[in-house]
Amino acid sequence: MYLLILPTALFFGAFFVLPMARLFMVGGSGSMGWGAYAAILTDKNYFNALLATLGIATATTALTLLISGITGVFLQRHKFPGNAALVAMLTLPLAFPGVVIGFMVIMLAGRQGLIGQVTEWATGERVVFAYSMFGLFMGYVYFSIPRTILTVMAATEKLDPRLEEAARSLGAPPWRVVVDVIVPALKPALISAGAICFATAVGAFGTAFTLATRINVLPMVIYTEFTMSANIAMAAALSFTLGAITWLVLALARNAAGSSVAAAG
Amino acid sequence: MHKMRKIRKIRKLFLLQLAFTLAVCAFLIVPVVLSMLAGLTVNYIAGLSSGLTLRWIFEVWDGYRDTIFRSVGIALACLVVTLLLGVPTAYVLARTRNRAARWIEELLVLPIAMPGLATALALIASYGALRGFRTSWGFILVGHVLFTLPFMVRSVLAVLQSIDLKTLEEGAASLGAGFGRRFFDIVLPNCRQGILAGSLMVVTLSMGEFNMTWLLHTPLTKTLPVGLADAYASLRLEVGSAYTLIFFMMIVPLLMAMQTLARPRTTKFIIADDTPVPDAKP
């Protein structure tokens, strides 16, 4: 029976385990030696990129959890006509790759985008922010909302509505019900969904690539190191570190939430 | 009096939440609709009044047809490989629930946690020198299999864990069924649902994969998302939109099938014996 797993083991060993080990070695083979792995902290450019990446990922996670928390609980608790249609629309972008998300941001906030047209009509000045850090942030939130809403809805379904009713009948105002009953009950789901948001925002490349090459987040820096400066060792060291960060976040979340957590996209 | 005020307050809260949800919905859907329209209008800036056209769609078809076929080809090849590798792996993992099995499962999921750039660089650093392999679409396929295999394994494993596989197999074995017979007549039919869900997932993910593919591709092995990035960067908005529209047409049906499958089957009509059967709605 164990022979059945052999093809997968061979494939995985040859195309993942060995290449990852090789990537690690390449990272230490450049002009900086193993110091390349420290450069992410000591080199000002890389460190700033790291801070920007972690910052945008944190902001994405916070806003996505807030938006999806409110919408997800609302849609699960109130079944009104049109509810299913709303859920279908909110989960439509689930399978959009990063490049397409970037294009959606351009449709909204790009040079010929909707926000630009509306602001020009209203104030005479065209507001365009798609190609900046804020545009990237908007893209990541766009990308994360659908999957987070699904997680929140699934967790809310298991939450006993009688708990909320009990709190309400004891005189708790709505915000107390949210803070003391709903959020604690959804905590594992929020942690695992949040970790996925964070990890995807840290490692995503397609959206930043579509929006601009000037946005200095780590994936873009890695790409520039690899293609423009042909500094393969640095690119390897940085991407290995990036992988370690995402893996660590997901592992921590899994420990905290106690369920399986995996990023996608 | 007090009660009335309370009801009004609850109603206000409901409407606020509804408005918020509708706003989120608009944020997600408006750009999709705009880009679909842009792909079909003569001049997007001039607006719909400039007329509708299929010109941009044809332009994409002429210039990027090969990327569409290549992406479908890679997605199907990826499906075949993940089925061949993933289903037996899920079976072994389902039958052996020990520490080693859990470790293997953990390890298999790693490529999803890794940023696509890291995996792609690792593959290039290891196999980039093999020119024939590097320049073939097989190189992209390897990346896609790494990324999608965990989804197939998990989806099949979830189904296998929900049934009592051991008893079923022992029953068959006691009737004289050999291993091959048991695998094809008991295991496979039982995990049909998981295989179907996993297959849809694999094809959808492979068709949209960009993070890895952008580094793995060569000018002769462009996939659909790579072509999209090309079009966004260098062609007019209408062409990029038309290209995106084609991509939507391919990906949305897959997504809808996946969601239908994921929905738990519920009995829709419970009709007591004495109530007349209502007419089906036209």
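No value in this document is a laboratory result; all are computed from the given coordinates. Keep in mind it's a predicted model, so treat the numbers as computed, not measured. Every residue, glycine as well, gets a Cβ built from its backbone with ideal geometry; the counts of neighbours run over all protein chains shown.
Answer rounded, prolate or oblate for region A:2-257, using the Cα gyration tensor with square roots of eigenvalues a ≥ b ≥ c: rounded when a/c is under 1.5, else prolate when a/b is larger than b/c, else oblate. Please report the intermediate quantities before stating the final value.
On the way: a/c = 2.12, a/b = 1.37, b/c = 1.54.
The shape class here is oblate.
Beyond 15 Å, how much of the Cα-Cα pair distribution for region A:50-127 remains, as a whole percent?
When every Cα pair of region A:50-127 is considered, 73 percent fall beyond 15 Å.
If you wrap region A:5-62's Cα atoms in a convex hull and average its projection over all directions, what's the area in nm²? Numbers along the way, then the final one.
Values: hull surface 24.6 nm².
The orientation-averaged projected area of the Cα hull of region A:5-62 comes to 6.2 nm².
Could you derive backbone 3J(HN,Hα) for region B:88-105 from the dihedral phi with the Karplus parameters 6.51, -1.76 and 1.60 (θ = phi - 60°), listing whole Hz in sequence and x where the residue is Gly or Pro?
Going residue by residue, I get x, 4, 4, 4, 4, 5, 6, 7, 10, 9, 10, 4, 4, 4, 5, 4, 4, 4 Hz, with x marking Gly and Pro.
In Å, the Kirkwood hydrodynamic radius of region B:66-262 over pairs of distinct alpha carbons? List each step's numbers first, then the result.
Working: mean 1/r = 0.0545 Å⁻¹.
Radius from the Kirkwood sum: 18.3 Å.
Would you please give the residues with an amide H less than 5 Å from that of B:Thr41, counting only those at least 5 places away or on a separate chain, with H modeled from the backbone geometry?
HN-HN under 5 Å from B:Thr41: B:Thr53.
Under the rule a/c < 1.5 gives rounded, and otherwise a/b versus b/c splits prolate from oblate, where does region B:1-147 land using the Cα gyration tensor? Intermediate results must be reported in sequence, preceding the final value.
On the way: a/c = 3.21, a/b = 1.28, b/c = 2.50.
Taking the square roots of the gyration eigenvalues as a ≥ b ≥ c, region B:1-147 is oblate.
Once every DSSP H run of n ≥ 4 in chain A is given -39500 (n - 2.57) and the sum is divided by its residues, what mean residue ellipticity at 222 nm do you get, rounded to the nearest 500 deg cm²/dmol?
Working: 14 runs with 189 residues, N = 265.
Taking each H run of at least 4 residues, the total per residue is -23000 deg cm²/dmol.
Can you compute the modelled spin-label distance between B:Arg102 and A:Met25, with each label point 7 Å from Cα toward Cβ, in nm?
If labels sit at B:Arg102 and A:Met25, their model points lie 3.3 nm apart.
If the reach is capped at under 18 angstrom between alpha carbons, list the aspartates and glutamates near A:Lys44, excluding any in the same chain fewer than eight residues apart.
By straight Cα distance, A:Lys44 reaches A:Glu225.
What average count of beta carbons from other chains do you get within 10 Å of the Cβ of residues in A:142-152? Let's see the in-between values first.
Details: counts 3, 0, 0, 4, 1, 0, 0, 3, 2, 0, 0.
For this peptide, the per-residue mean of nearby foreign Cβ atoms is 1.
Normalise the Debye intensity by I(0) for region A:112-215, one equal point scatterer per Cα, no solvent, then take log10 at q = 0.10, 0.19, 0.21 Å⁻¹ and round to two decimals.
At q = 0.10, 0.19, 0.21 Å⁻¹ the computed log10 ratios are -0.49, -0.92, -1.01.
Give me the three principal axis extents of region A:173-265 from the C-alpha atoms, as integers in angstrom, largest value leading.
58, 27, 17
Restricted to Cα positions, what overall size does region A:147-207 have along the principal axes? Three whole-Å values, descending.
Principal extents (largest minus smallest coordinate, Cα): 49, 19, 16 Å.
When you have a sec, figure out the Kirkwood radius of region B:189-244 from all distinct Cα pair distances and drop it here in Å to one decimal?
On the way: mean 1/r = 0.0764 Å⁻¹.
After inverting the mean inverse Cα-Cα distance, the result is 13.1 Å.
Return the average number of partner chain Cβ atoms within 10 angstrom of each residue Cβ along peptide B:78-86. Working shown, then result.
On the way: counts 0, 0, 0, 2, 1, 0, 3, 9, 1.
Per residue, the average neighbour count from other chains is 2.
Using 0.36 nm per residue of separation minus the Cα-Cα distance, give me the extension gain between B:Val80 and B:Arg95 in nm, one decimal. Present the calculation step by step, with values, prior to reporting the outcome.
Working: separation 15, 0.36 × 15 = 5.40 nm, distance 2.30 nm.
Once the chain is fully extended between B:Val80 and B:Arg95, it gains 3.1 nm.
Please report, in whole Å, how far the alpha carbons of region A:120-164 spread along each principal axis, starting with the longest.
Computed over the Cα atoms, the extents are 53, 22, 12 Å.
How long is the gain from B:Arg236 to B:Thr53 if the chain were fully straight, where each residue apart is worth 0.36 nm and the alpha carbon distance is subtracted? Spell out each step's value before the answer.
Working: separation 183, 0.36 × 183 = 65.88 nm, distance 1.49 nm.
Residue separation times 0.36 nm, minus the Cα-Cα distance, leaves 64.4 nm.
Convex hull volume of the Cα atoms in region A:9-160, per residue, in Å³? Walk me through the intermediate numbers first.
Values: hull volume 31.4 nm³, N = 152.
Per-residue hull volume (Cα only) is 207 Å³.
Among B:Ser199, B:Leu34, B:Leu168, whose Cα sits farthest toward the positive end of the charge dipole of chain B (+1 at Cβ of Lys/Arg, -1 at Cβ of Asp/Glu, about the Cα centre)?
Result: B:Leu34.
Using only the Cα atoms of the protein assembly as shown, what semi-axes does the equivalent ellipsoid have when each is the square root of 5 times a gyration tensor eigenvalue? Give whole Å, largest first.
Taking √(5λ) for each Cα gyration eigenvalue gives 36, 34, 26 Å.
List the pairs from A:Lys158/B:Lys6; A:Lys187/B:Lys3; A:Lys79/B:Lys12 whose alpha-carbon separation is above 25 Å, in the order I gave them.
A:Lys158/B:Lys6; A:Lys187/B:Lys3
Please give the direction-averaged projected area of the C-alpha convex hull for region B:1-84, in square nanometres with one decimal.
Values: hull surface 46.0 nm².
Reported value for the Cα convex hull: 11.5 nm².
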